[in-house]
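The values are calculated or read from the model by the stated rules, or taken from the named source; none is laboratory data. Predicted, not measured: the structure shown is a model, and the values here were computed from it. Positions of Cβ are backbone-derived with ideal geometry, glycine not excepted, and every protein chain shown enters the neighbour counts. Side chains included, ligands, DNA and RNA excluded: accessible areas come from the protein's heavy atoms. Shrake-Rupley method; radii C 1.70, N 1.55, O 1.52, S 1.80 Å.
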Amino acid sequence: MNNKINFFSILIIVLVLSSTLFSCGYDNSNNTIKEKLTIVTTTGMIGDAVSNIVGNKAEVISLMGPGVDPHLYKVTQSDIKNLLNADVIFYNGLHLEGKMGKVLAQMSAEKPVIAIYNGLAENQLRATSEFKGNYDPHLWFSVQLWTDVVRFIGENLAEIDQAHSSFYQANTEQHVEELTFLHTWTTEQINTIPVQQRVLITAHDAFGYFGREYGMEVKGLQGLSTAAEYGLKDVINMVDYITENKIKAVFVESSVSDRSIKAVMEGCKDKGHSVIIGGTLFSDAMGAENKPEGTYIGMVKYNVTTIVEALK
């Protein structure tokens, strides 16, 4: 008798647990969504945008943390687990995530896998001669473009999780207002730099959208991807440009080795021109979570302040 009681007790517990777990996930019989989504994003910038929209209505996991270079990123076992458990995946696209593309393509057969660049018109993207037919993936450096991306993310989430659509829509509009103010502030700050000194030199060509949006000449020693090689000729050309234009500051990046920039600085020194490191900019990754630069708005403000202080 005790064995029967124990058996039925265990069976009830298992059924209750199964019911609880099932209610927290997709019901494949009627395609209903679980109460709280699990959303996985590739970069911290996308994660920040999603978090601002969903608030406490969803769990957001970003695969690439501070200091991580997405161009060179390799998928880990824990990433695969997170991607498999995700209800929705947002990624940048335009080859930013490098080798992750194949994994994300496979995942798209099972769940929504959304490339944020699809929220922009083709004429908004920055063409490059480096890769014919492809575009610059560093979309977040134009706050204007990023505002459109945030709207796109919000629209998708409102459609996917209709139970919280009004909540997502309200949060999206609030964040858009914050970004609109940030864009205006950025424009005003950059305009304090004398026109002839608005030259931004970095390790790789990540700031093209920033330069186009805010009227700065941007030059990177490496190409759009940090996987691209740079050689002695590239260093010599950069040294010549800096010395001829009397550039006083260059910048390193938090997710890229400073070796190439230091080689340029040495070359300038050999030619009798002193150039300093104007600061470390956040390019392909945001700062630590417990610091202001750990948010998109904080990262942009930090970068702009660093650039302005070094070039004015």
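Yes/no per residue for (1) closer than 30 Å to residue 144 by Cβ; (2) modelled with pLDDT under 95; (3) acidic (Asp, Glu):
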{"site": "191", "(1), (2), (3)": "yes, no, no"}
{"site": "216", "(1), (2), (3)": "yes, no, no"}
{"site": "220", "(1), (2), (3)": "yes, yes, no"}
{"site": "231", "(1), (2), (3)": "no, yes, no"}
{"site": "253", "(1), (2), (3)": "yes, yes, yes"}
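When 48, 69 are checked against the criterion of being of a type in the set (Asp, Glu), within 16 Å of residue 139 (Cα to Cα) and at pLDDT 95 or above, a single residue qualifies: 48. If the condition is being acidic (Asp, Glu) and open to solvent by less than 30 Å² (accessible area, probe 1.4 Å), then region 188-205 contributes only 205. Summed over region 261-277, the residues that are under 30 Å from residue 45 (Cα atoms) and open to solvent by less than 20 Å² (accessible area, probe 1.4 Å) give a count of 2.
Being in contact with a helix residue (DSSP H, G or I) (Cβ under 9 Å, 6 or more places away or on another chain), surrounded by fewer than 24 Cβ atoms within 10 Å (Cβ to Cβ) and among the small types (Gly, Ala, Ser) is the filter here; which residues of region 48-60 pass it? Listed by number, the residues that qualify are 55, 58. Here residue 210 fits the description: farther than 26 Å from residue 40 by Cβ, in a helix (DSSP H, G or I), open to solvent by less than 60 Å² (accessible area, probe 1.4 Å) and not polar (S, T, N, Q). Scanning region 137-162 for residues that are in a loop (DSSP other than H, G, I, E, B) and either within 25 Å of residue 216 (Cβ to Cβ) or free of Cβ contacts under 8 Å to residues at least 60 places away in the same chain (or both) yields 137, 138, 142.
Taking the residues in region 276-312 that are of a type in the set (Lys, Arg) and in contact (Cβ under 8 Å) with a residue 12 or more places away in the chain as candidates, determine which candidate is farthest from residue 71 (Cα to Cα). Can you show your working first?
Taking region 276-312 first, the residues of a type in the set (Lys, Arg) are 291, 301, 312.
Going one step further and asking which of them are in contact (Cβ under 8 Å) with a residue 12 or more places away in the chain, we end up with 301, 312.
Details: 301: 24, 312: 32 Å.
My answer is 312.
Note on region 34-46: residues that are surrounded by 23 or more Cβ atoms within 10 Å (Cβ to Cβ) and free of Cβ contacts under 8 Å to residues at least 24 places away in the same chain total 0.
Annotation: residue 75 fulfils all but one of (1) open to solvent by less than 60 Å² (accessible area, probe 1.4 Å); (2) more than 19 Å from the chain's Cα centre (by Cα); the unmet one is (2). Does residue 60 satisfy the criteria of being within 18 Å of the chain's Cα centre (by Cα) and of a type outside the set (Lys, Arg)? Against the criterion (within 18 Å of the chain's Cα centre (by Cα) and of a type outside the set (Lys, Arg)), residue 60 qualifies. For region 109-141, the candidate set comprises residues that are polar (S, T, N, Q) and at pLDDT 95 or above; within that set, the residue that is most open to solvent (accessible area, probe 1.4 Å) is 123.
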